[in-house]
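This report refers to the structure that appears directly beneath it.
The values are calculated or read from the model by the stated rules, or taken from the named source; none is laboratory data. Keep in mind that this is a model prediction, so the values were computed, not measured. Surface areas here come from the heavy atoms of the whole protein model, side chains and all, with no ligands, DNA or RNA. Shrake-Rupley method; radii C 1.70, N 1.55, O 1.52, S 1.80 Å.
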Amino acid sequence: QVRLVESGGGLVQPGGSLRLSCAASGPLFSRYTISWYRQALGNQRELVAVITSGSTTDYADSVKGRFTISRDNAKNTVYLQMNSLKPEDTPVYYCKAKLSITTPNYWGQGTQVTVSS
């Protein structure tokens with residue numbers, strides 16, 4: 001089992017940047033695929049970015065070219081660098097860890113991002 005804690009959210013002006021962190025505790029972190037999702041109140045949770053154990057990455061079209069996901073297995077942490085932020089990037093961001101298709105999803109508690117002038 002792995003426990004995830006997100007941090008780094010906050011208030012930023014449009015065009016600004018934030019870096020979110022997803023810190024994990026538990027064994028085998030380097031083997032997990034880690035994903036970042038976001039969810040606005042009343043909306044479904046949306047996949048933003050994913051990084052595999054081999055550091056292959058993929059992004060939602062809405063954030064391509066602006067967001068970068070990376071991992072530091074020595075620190076058991078995955079990062080989401082968010083640049084050129086827009087008001088629509090605002091909701092709560094969650095990270096998810098998954099080892100394989102037959103294992104459960106592990107979620108963090110979320111971190112709020114607010115993009116507003």
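Taking only the Cα atoms of the chain, the radius of gyration and Dmax are 13.5, 44 Å.
For the chain, the carbon plus sulfur part of the accessible surface works out to 48%, probe radius 1.4 Å. Please build a GNM for the chain, connecting alpha carbons under 10 Å apart, and tell me which residue among S35, S70, S55 fluctuates the most. Answer for the Gaussian network model of the chain: S55.
Divide the volume of the convex hull around the Cα atoms of the stretch 18-85 by the residue count and you get 97 Å³ per residue. Straight-line reach from K98: taking Cα to Cα under 18 Å and skipping same-chain neighbours fewer than 8 places apart, the aspartates and glutamates in range are E6, E46, D58, D72.
Springs between Cα atoms under 10 Å define the GNM used for the chain, and in it the highest mean-square fluctuation of A74, A23, A97 occurs at A74.
For the chain, the solvent-accessible area works out to 53 Å² per residue, with a probe of 1.4 Å and every protein chain left in place. Starting from 0 in steps of 10 Å, tell me what percent of the Cα-Cα pairs of the stretch 74-117 lands in each bin. Going from the shortest bin to the longest, the percentages are 22, 42, 28, 8, 1.
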